[in-house]
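Below is one structure, written out as structure tokens; the observations come after it.
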Amino acid sequence: MEVINQDGTEDTPKIILDKNNGIFEISGRSLPEDSAEFYQPILDWLDQYGADPNPETVFIFKLEYFNTASSKLILDILSKLETIESTTINWYFHEDDEDMEEAGTEFSELVEVPFDFKTY
Amino acid sequence: MKYIYELHKTMVERSLILVYEGEFTQEITKSVLAMAERNMDAIGETSNIKRKVFNVMVECLQNIVKHAEDSEEEEEIESPNGSAVFMIGQEEDKYIVTSGNPVVNAKVEILQTKLEHINSLDKDGLKTLYKEIIKKGREQGEGGKGLTQKGGAGLGFVDMARKSGQKLHFDFEPIDDHFSFFSLKTIISRNKEEKK
């Protein structure tokens, strides 16, 4: 399967989606001008991946900041992951960033996917 | 040339560290954010406060950008002055993020109701509202298609209220038969002990 590997910018996150190496990660800042357009390729990739997923999927969110428009798309990603068996979310937050911790908790309450919370 | 001195005095009096007036785009948003961040870094602001100010600034700026785009698409009447103003004040105990932009009179009541509702809620109420709005978007399909065209739906205001932990201050000043000037002010406390 095609690998998505794009560097982060000042307003978009770094993204790695690599089925063969089992790396699924979104990190950095997310405040793109058009979040729906930015995340569409990721949602498409997950649709394809969902049709033939790895036995286990650990999806990492290590976000420093995301805006409200991105939060809707993050929920869309989580909704896709919800349908993929044996998926775990590793939700990273900076140890003094209560807001990011809370954001993770809220997402975990909206979808049926196990979340592991980790600090960095 | 007296206006220069007047403007300078106003900025000093109001502790304004940044004022931008003009057209708002994503590029401008990024520049404004970068300037404000550099300023906060330079004075050694704590990362917690920096994050909150950044958060409120992003929602505020992107609200203006979205509004400007929506107006272009929806409104047939040309805005008297399409530009908006954005300011950051830095006082000893707080940051003040302010914006002002013209809105059509028909939207005044909608905005007012939305903001009053947000201000009537406590921390848990805001959390519930946030989850309701975001869930609604999910039920109505991916990409936030169910929400307002540009992904608005007032999530930005809710987030500003949540991150600042304070009420949103707002005002509508009539411009003419078609437009009003919408001012919005969010205060972020620099006092770490003050947890709301």
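Derivation of every value follows stated rules applied to the coordinates shown; laboratory data play no part. This structure is a prediction, so every number in the text was calculated from the model and none was measured. Virtual Cβ from ideal backbone geometry, glycine too; neighbours counted across all protein chains shown.
Here are some notes:
- Tensor-based shape of the range A:56-120 (alpha-carbon gyration tensor, a/c under 1.5 rounded, otherwise prolate or oblate): oblate
- Centroid-to-centroid separation of the range A:83-103 and the range B:12-53 [C-alpha atoms, Å]: 28
- Interchain or long-range residues, amide H under 5 Å from A:I60's placed H: A:F24, A:E25, A:I26, A:N90
- Backbone geometry of the range B:180-190 corresponds, through the Karplus equation with coefficients 6.51, -1.76 and 1.60 at θ = phi - 60°, to 3J(HN,Hα) couplings of 10, 9, 9, 10, 9, 10, 10, 10, 10, 6, 9 Hz, x marking Gly and Pro.
- Nonlocal amide H pairs with B:L18, under 5 Å, H built at 1.01 Å: B:I88
- Between A:D116 and B:E92, the FRET efficiency from the beta-carbon distance, with R0 = 45 Å, is close to 0.65.
- Scanning residues 5 or more positions from A:T87 or on other chains, those with amide H under 5 Å from its amide H are A:T57, with H placed 1.01 Å from N in the peptide plane.
- Working note: Karplus 6.51/-1.76/1.60 with θ = phi - 60° gives the range B:118-132 the couplings 4, 5, 7, 9, 8, 3, 5, x, 5, 4, 4, 4, 4, 5, 4 Hz, where Gly and Pro are set to x.
- At R0 = 22 Å, FRET efficiency that the Cβ-Cβ distance of B:N191 and B:S31 yields, to 0.05: 0.15
- Adding -39500 (n - 2.57) for every DSSP H run of four residues or longer, then dividing by how many residues chain A holds, sets the calculated 222 nm ellipticity at -12500 deg cm²/dmol.
- Chain A: most fluctuating residue of A:E106, A:E82, A:E25 per GNM, C-alpha cutoff 10 Å: A:E106
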